[in-house]
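Have a look at the structure below, then the notes.
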Amino acid sequence: MPSAGPSFLSRRAVLAATSGGIAAIAGCTTDDGSGANGNENGNGTETETGTDPDPTEQHDREIQTEWIQAVPMEASNLSPYWVNDYASSLRIGLHLDGAYTLDENGDFYSLWVDDYENRGNDTYAFTLRDSLEWGGDYGAMTADDWVWFYHNVIDTDENWVGYLGRDDWRNVESVDAEDRHTFVVELEQSDPLFVKRPTMWGTSILPRALTEPYYQDWQDGDDGAGEALNTADEVLEFRYAGNLGPYEFERRDLEDRYVGTRNDDYYRQGTEPDADDWADAPYFDRYVIRVLPTQSTRLSEFRSGGLTYTELPADQAQSFEDDDDITVVSTPTPFNRITVYNQRANGWEPLRNRRVRQALSMAIDKRTVVDHIFDGNAETAHTFQPTYSEFYDDSHVTPFGDGESYDPEQARSLLAEELSGEYGYDGDTLLGPEGTQVQLDLVYQTGETVYEDTGRYIADALDELGIAVDQRATPADVLFERYAEQEDDSGNAVFNAGDRDEYTSSDDWDLMWSISLNTFPYSPGSNAPVFTQGGSFNFFGYVPEDDLEGLFSDAMSADDLETQQDRFAEIFGILSRDQPFNFMLFDNRVHGYQREVVHTESVSPSWGYKNQTFWATEGLHD
């Protein structure tokens, strides 16, 4: 949930933070944004301090030496089937474009898939470009690669590969080849928004010829075959990638830098749509990703001209807007930055009571966080959908922690009323069953001052309720490993292994702040894995009292927009009431570029879907 950079992340991340954040590939992306277009976000506010691309300048572009950006952590893995963090997604996106993406209007935008046909809302045909070539001796990418991927990676009794996006395919009944370049996807139930869901959108696969021997080993009883595939040198060095992405693998220096070199045979060059923009893409000989763990180092390098691009912290955006050598682009996103309530057995048991969760949420002043910590580069949130979504209905939403709904005194009264007789207030202190002060463990990621400052604010706000808070700041690349992942019965690390009383993360926790999850405003049915009891991303153990699974099913299969809107409005109303998260805010993503960089798309929540066509008027780091 993750993160500007190559469009792979912008399409596929379900979970994200900033450029230092985590991104679990189990859903969709910053592209799956809103109805916002041009230079205004969904609320009509200006979102760019620079200017829109000037078409008169496009003929001047030349291929420059290097594009350099920084991330705070090393990639955890480089297999498209295992990727679950931003740093890994960024690297993979240099070599694999994925099937297709969505543009600033939420419409299909061609990458590997040249076009698609809707054959009645339960059948979709996808046609690949005929110029796609795998690397090595694997030949052309054809429909057969996709059919084999479905039947032998997705539709198997066990997830032998450990593919993190498997749940996205839960409504797919079959995938069959119609001809060499066209494959047909049939669904179990009608889904008018299927093309906008993360099932196909941005999905990258490995060639059948590479994967099949490992699949055979697994069938022969080798339980380690999936891991062997995902960690093979051929996969980690992208020897199979051919012309499928803008850059070829050059080298990886652990904890230092990752380097890709321009792919002269890149399939997208000079092709529609926007053939002029893609004419000689990419427009840099080398793409360099530097590992710089501290925020101050990244910002210093950027200000001195050592980086082409970096994501700017919300609380420091203004200082860069005043720098004539830098262009700042601020974009709304569909990512909801949240505080998660752990309702599994290793969390505080009263968090299973929605009234207790409501009390904690009403004690946090979101307006203070937005205005004084994020410096206004965010909007308060009350449910898992931005207000600009056509599926948002304010009349269904119950607010907590904003304006009159921020009420610490009422929160204290609610806790006193809802907690069992084992709890009680001694003056201003909330005591637990053992007669000691209630203490909650709050975890959040390091890397950005806004996370740490908000973490301290949450702790102070709960202290006003008489609750002590132990703050644990941890690097983004281990946050989910320690506090969200669970081990299933086969020993696999998953985000929902089953019964919340039996399966928990390795470390205890109560509250998790700082992560952000994609709300999928174009296809909100994609949120079902997060909020249904058996959903693959329900790592926090939420058990809804209402039939959310049935509501999601009804909403996803509805053929008319009005019915979809009614069902989703009901879902988001229930979530605002239940508070499985404190839906804190939607923070803008603030991008910083050296002034020489020329952009080829308009500002929108989809920002970055054409970033491989960005170019520079002169050498940046010569």
Taking residue 570 and the conditions (1) surrounded by fewer than 23 Cβ atoms within 10 Å (Cβ to Cβ); (2) of a type in the set (D, E, K, R); (3) within 28 Å of residue 316 (Cα to Cα), which numbered condition does it fall short on, given that it satisfies the others? (3)
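Condition check ((1) more than 23 Å from residue 84 (Cα to Cα); (2) among the β-branched types (Val, Ile, Thr); (3) buried (at least 16 other Cβ atoms within 10 Å of the Cβ)) across all residues:
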site	(1), (2), (3)
164	no, no, yes
183	yes, no, yes
213	yes, no, no
232	no, no, yes
Go through (1) closer than 27 Å to residue 488 by Cβ; (2) in contact with a helix residue (DSSP H, G or I) (Cβ under 8 Å, 6 or more places away or on another chain) and name the single condition residue 547 misses. (2)
Taking residue 369, is it more than 26 Å from the chain's Cα centre (by Cα), at pLDDT 95 or above and not charged (D, E, K, R)? no
Mind listing whichever residues of the range 473-484 are of a type in the set (D, E, K, R) and surrounded by fewer than 17 Cβ atoms within 10 Å (Cβ to Cβ)? 482
Could you name every one of the helices (runs of 4 or more DSSP H) located completely within the range 199-238 that has at least 1 residues being over 15 Å from residue 145 (Cβ atoms) and under 25 Å from the mean Cα position of the chain (by Cα)? 225-230, 233-236
Just need a number here: residues in the range 326-366 that are at pLDDT 95 or above and part of a loop (DSSP other than H, G, I, E, B). 11
Residue pairs qualifying under the 9 Å Cβ cut-off, at least six apart or on distinct chains, with the first in the range 117-128 being in a strand (DSSP E or B) and the second being of a type in the set (S, T, N, Q) and buried (at least 16 other Cβ atoms within 10 Å of the Cβ), are 117/123; 117/127; 117/182; 125/182; 126/182; 127/182; 128/142; 128/182
Residues to consider are 136, 93; find the one that is closer than 17 Å to residue 240 by Cα and part of a loop (DSSP other than H, G, I, E, B). 136
In the range 293-323, which residue that is part of a loop (DSSP other than H, G, I, E, B) and of a type in the set (Gly, Ala, Ser) is nearest to residue 476 (Cα to Cα)? 306
Taking the range 309-326, which residues are more than 19 Å from residue 607 (Cβ to Cβ) and either surrounded by 20 or more Cβ atoms within 10 Å (Cβ to Cβ) or under 22 Å from the mean Cα position of the chain (by Cα) (or both)? 315
Go over the candidates 572, 552, 537 one by one and state the one that is closer than 20 Å to residue 488 by Cα and either basic (Lys, Arg) or under 21 Å from the mean Cα position of the chain (by Cα) (or both). 537
Tell me, which residue of the range 51-85 that is modelled with pLDDT of 80 or more and outside any loop (DSSP other than H, G, I, E, B) is nearest to the chain's Cα centre (by Cα)? 71
Is it the case that the range 472-480 has a residue that's under 18 Å from residue 199 (Cβ atoms), part of a helix (DSSP H, G or I) and of a type outside the set (Asp, Glu)? no
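The values are calculated or read from the model by the stated rules, or taken from the named source; none is laboratory data. Every value quoted in this text rests on a predicted model; they were computed, and no experiment measured them. All Cβ positions, glycine included, derive from the backbone under ideal geometry; neighbour counts span all protein chains shown.
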